[in-house]
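Colleague: Here it is, the structure in full.
The values are calculated or read from the model by the stated rules, or taken from the named source; none is laboratory data. Values in this document were obtained by computation on a predicted structure and should not be read as measured data. Note that each Cβ is placed from the backbone with ideal geometry, even for glycine, and that neighbours are counted across all protein chains shown. Protein only, heavy atoms only, side chains kept; ligands, DNA and RNA dropped before computing areas. Shrake-Rupley method; radii C 1.70, N 1.55, O 1.52, S 1.80 Å.
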Amino acid sequence: MASVTLDHVTKRFGEVTAVNDINIGVLDKEFLVLVGPSGCGKSTTLRLIAGLEELSGGNIYIGDRVVNDVAPKDRDIAMVFQSYALYPHMSVYDNLAFGLKLRKTPKQEINRRVHEAAEILGIGTLLNRKPKQLSGGQRQRVALGRAIVREPKVFLMDEPLSNLDAKLRVATRAELIKLHQRLQTTVIYVTHDQVEAMTMGSRIAVMRDGVLQQLETPQSLYDKPANMFVAGFIGSPAMNFFDAKVAGTPDALYIDGGSFKLRVPADKAERLTGYVGKDVVFGIRPEDVFDRSSNPNAPAESTMKVQVNVVEPMGSEQFVYLLTGESEFVARMDARSPVKAGQQIEIMLDMAHMHTFDRQTQEAIV
């Protein structure tokens, strides 16, 4: 196993900078997820680690070795792509064994590794089948198995679950987590799906336009986003944002959004005192918005009168789209909350979990 270090890594395609001065240290045996919207540079970063793209600047280390000029086949990595890329004329066994045969691995060792990988992935009964006889989930397992038999230092996975249907994706996600726990290997995993990133990664690197925005554990990203982009990208539904002003005095600070005025908790006020009278962006997550009727004793300074626009029942909960002034936002409410479209209701916000961002820089204040 090995650590992977990206030291001021840059990749340009002509005048376009796809990866811009990225520094990431991936720990030995860690499951690191690169996440971001399409075009943010996450797959290019993975291809740079694999040696499939040439660096424009910086260094890449696998363990203690600089691999900038090392051929992909000599980097001791294995890559799983979005497309399964299986040989259609070969059996599952031969697909798994093909890379080992090319490396002139002894037959007995090939047989041991193939059967071991097949057992880990639960495809032992499929070894004689051809890819066309397999379901999408089974093909994905074979593609994973082909990487596992290599016994590499590092696994690189580029959106390997994106071709699966929603239910199978959830099941395979759990299998991948168990697989990582069993193999204890270093994994760098690329996805655009933040739910996938949150559930799988021991740490997550959020990227945007080729720039690393934040590298943290899933819970830290959720609780303490570095900026508005991370705050809006991590979490489903996304965080609600409101243009507002900081008002009041250091002893009694308020977030004034025009149609609402909310008291800032004392433990958060200190960092906002320098913003009194200034424009900020106020953020609150949908799960921190409640129907006040569920807690009639909530302090008035944390409540807001709103109109219900749309109610989306989800079974165990409901997403309620609300309007205050000209701002529409969403609340994640209990399924038993008796709200209906067109109603005027009073809601309560859990201000202990409020966020504020600088309007100009979009960096987090609180």
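Colleague: Somewhere in the stretch 355-366, is a residue more than 26 Å from Y275 (Cα to Cα), open to solvent by less than 70 Å² (accessible area, probe 1.4 Å) and outside any strand (DSSP E or B)?
Modeller: For the stretch 355-366, residues more than 26 Å from Y275 (Cα to Cα), open to solvent by less than 70 Å² (accessible area, probe 1.4 Å) and outside any strand (DSSP E or B): absent.
Colleague: Now for a different question. Please list, ordered by residue number, the strands (runs of 3 or more DSSP E) wholly in the stretch 184-298 having 2 or more residues that are over 30 Å from A166 (Cβ atoms) and open to solvent by 50 Å² or more (accessible area, probe 1.4 Å).
Modeller: Counting at least 2 such residues, we get 240-249, 261-263.
Colleague: Follow-up question, since we're still on this one. Out of the residues in the stretch 310-322 meeting the condition of being surrounded by fewer than 15 Cβ atoms within 10 Å (Cβ to Cβ) and in contact with a strand residue (DSSP E or B) (Cβ under 6 Å, 6 or more places away or on another chain), tell me which one is nearest to S259 (Cα to Cα).
Modeller: The qualifying residue nearest to S259 (Cα to Cα) is V310.
Colleague: Right, another one. Name every residue in the stretch 162-175 that is closer than 17 Å to Q82 by Cβ and at pLDDT below 85, in order of residue number.
Modeller: Passing the criteria: S162, N163, L164, D165, A166, L168, R169, T172.
Colleague: Does R150 qualify as being in contact (Cβ under 8 Å) with a residue 60 or more places away in the chain and either open to solvent by 50 Å² or more (accessible area, probe 1.4 Å) or more than 32 Å from the chain's Cα centre (by Cα) (or both)?
Modeller: The answer is yes for R150.
Colleague: Name every residue in the stretch 164-215 that is within 18 Å of V154 (Cα to Cα), without any contact (Cβ under 8 Å) to a residue 12 or more places away in the chain and among the β-branched types (V, I, T), in order of residue number.
Modeller: Within the stretch 164-215, no residue meets the criteria.
Colleague: Looking at the stretch 163-183, which of its residues are open to solvent by 20 Å² or more (accessible area, probe 1.4 Å), in contact with a helix residue (DSSP H, G or I) (Cβ under 8 Å, 6 or more places away or on another chain), of a type outside the set (K, R) and over 30 Å from P106 (Cα atoms)?
Modeller: Of everything in the stretch 163-183, those that are open to solvent by 20 Å² or more (accessible area, probe 1.4 Å), in contact with a helix residue (DSSP H, G or I) (Cβ under 8 Å, 6 or more places away or on another chain), of a type outside the set (K, R) and over 30 Å from P106 (Cα atoms) turn out to be N163, D165, L168, A171, I177.
Colleague: Can you pull out the residues in the stretch 6-26 that are open to solvent by 50 Å² or more (accessible area, probe 1.4 Å) and touching a Leu at 6+ places or on another chain (Cβ under 9 Å)?
Modeller: Matches in the stretch 6-26: N20, D21, N23.
Colleague: Going by the conditions given, is T45 within 28 Å of Q181 (Cβ to Cβ) and modelled with pLDDT of 95 or more?
Modeller: yes
Colleague: Determine which member of the set R332, R359 is charged (D, E, K, R) and within 23 Å of the chain's Cα centre (by Cα).
Modeller: Testing whether each residue is charged (D, E, K, R) and within 23 Å of the chain's Cα centre (by Cα) leaves just R332.
Colleague: Still on this structure, please answer the following. With respect to S3, is the statement that it is under 16 Å from I188 (Cα atoms), open to solvent by 10 Å² or more (accessible area, probe 1.4 Å), in contact with a Phe, Trp or Tyr (Cβ under 9 Å, 6 or more places away or on another chain) and touching a residue at least 24 places away in the same chain (Cβ under 8 Å) true?
Modeller: Taking the combined requirement at face value, the residue satisfies it.
Colleague: Within the stretch 63-71, can one find any residue that is among the charged types (D, E, K, R), closer than 26 Å to T199 by Cβ and not in a loop (DSSP other than H, G, I, E, B)?
Modeller: no
Colleague: Just need a number here: residues in the stretch 331-347 that are open to solvent by less than 30 Å² (accessible area, probe 1.4 Å) and either among the hydrophobic types (A, V, I, L, M, F, W, C) or at pLDDT 95 or above (or both).
Modeller: Adding up the residues that qualify gives 5.
Colleague: Among the residues of the stretch 9-58, what is the count of those that are β-branched (V, I, T), without any contact (Cβ under 8 Å) to a residue 12 or more places away in the chain and outside any strand (DSSP E or B)?
Modeller: Number of matching residues: 0.
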